[in-house]
Amino acid sequence: MTQKPDNSRKILAVTAVAAPERTELPAELGEILASAGIGSMQLRVLSDGAVWQACEYVFDGGDEGVAEAVHAAVKGLEADVCVLPAANRRKRLLISDMDSTIIGQECLDELADFAGLKAEVSAITERAMRGELDFEGALTTRVAMLKGLELAALEAAYRERITLNPGARTLTATMKAHGAHAVLVSGGFTFFTSRVAGLSGFDAHRGNTLMDDGAALTGDVGRPILGREAKLSALDEASAAHGLVRDDALALGDGANDLDMIRAAGLGIAYHAKPIVAEQATAAISHADLTAALFFQGYAASEFVAG
């Protein structure tokens, strides 16, 4: 996994969060980290109770490349591991993708199901999220396939299909309780972002607009299309509006159109993401739920705020 920023000669924190089905980190984790060349480490258990579901080790960063060594050492563990400079870990801006990140579905795929086209549309979605297709072209192609779909299908799709991913409300509520601003930014549609933002506790939202004739979708999407570059712009604009810089941001996403904002943020997290994203993020959540993003920032479970 490509690590950023340059961690040489800094105090670093390694955070490990166990997979839910495991419930506890391996007892030999400290020895595993020591095998990566880490010297004296200060341990703090972040999870509640006697079970070590999440913990952190803080140490002198030593030589450049220690983050890569840590990830190599823990490869194969049923745990999510993040290596960050101990300074400025608690981010003051949360900017997140929606589909398959804050929610467990792809809204466009669910709409396509109401048109009897889910398999065809989902195949295009998967390729676009892997970075194999141009995002804008893939979006307009899929929306065109929904021409004539009655507007009632949008409300039905939201009501019947859309669910928040575990930890979404706790993530936003906890960060906001500690002064952060939360922005939901999606290549999906404002019909859904407006509702999901309210449900999950985001302060603001951005998305694309599905065009309609008052009764059904026209098969077109409003311009300009919000894609990869627009997500990065949203990060920069939100940072500037709140007197922050990129290093103050946590960016979260799963697809190729999230890459620019993930790479730019001080903490860019790939959430159950496509390989192209996981490889270039600061950290990846592949086992745990969204509360791992809080543990990565040094929050203890006792500090979590229920959304």
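Of the residues that make up region 107-118, is at least one of a type in the set (Gly, Ala, Ser), on the phi < 0 side of the Ramachandran plot, part of a helix (DSSP H, G or I) and not assigned by TED's automatic domain parsing to the domain that holds Gly266? So that I can check it myself, show each step before the final result.
Taking region 107-118 as the starting set, the residues that turn out to be of a type in the set (Gly, Ala, Ser) are 112, 115-116.
Add one more test, that the residue is on the phi < 0 side of the Ramachandran plot, and what stays is 112, 115.
Checking which are part of a helix (DSSP H, G or I) leaves us with 112.
Within this subset, residues satisfying the condition of being not assigned by TED's automatic domain parsing to the domain that holds Gly266 are 112.
Yes, region 107-118 contains a residue that is of a type in the set (Gly, Ala, Ser), on the phi < 0 side of the Ramachandran plot, part of a helix (DSSP H, G or I) and not assigned by TED's automatic domain parsing to the domain that holds Gly266.
Among the residues of region 216-258, count how many are over 15 Å from the mean Cα position of the chain (by Cα), in a helix (DSSP H, G or I) and of a type in the set (Asp, Glu).
5
Counting only residues that are at negative phi and touching a Lys or Arg at 6+ places or on another chain (Cβ under 8 Å), how many does region 119-156 have?
Of the residues in region 119-156, the ones at negative phi are 119-130, 132-147, 149-156.
The next check asks that each one be touching a Lys or Arg at 6+ places or on another chain (Cβ under 8 Å); those that pass are 121, 124-125, 129-130, 133, 135, 138.
Qualifying residue count, region 119-156: 8.
This table checks each residue for (1) of a type in the set (A, V, I, L, M); (2) closer than 30 Å to Ser302 by Cβ.
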| site | (1), (2) |
| --- | --- |
| Ala138 | yes, no |
| Thr141 | no, no |
| Arg169 | no, yes |
| Lys176 | no, yes |
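Suppose we filter region 157-192 for residues that are assigned to a helix (DSSP H, G or I) and not aliphatic (A, V, I, L, M); how many remain?
To start, the set of residues in region 157-192 that are assigned to a helix (DSSP H, G or I) comprises 157-161, 168-177, 190-192.
Those still in the list that are not aliphatic (A, V, I, L, M) too: 158-161, 169-170, 172, 174, 176, 190-192.
Number of matching residues: 12.
Which residues, taken from region 161-190, are more than 22 Å from Glu237 (Cα to Cα) and free of Cβ contacts under 8 Å to residues at least 60 places away in the same chain?
Matches in region 161-190: Arg161, Ile162.
The values are calculated or read from the model by the stated rules, or taken from the named source; none is laboratory data. Quick caveat, the model's predicted, so the values are computed rather than measured. Cβ sites come from the backbone with ideal geometry, for glycine too, and all protein chains shown count toward neighbours.
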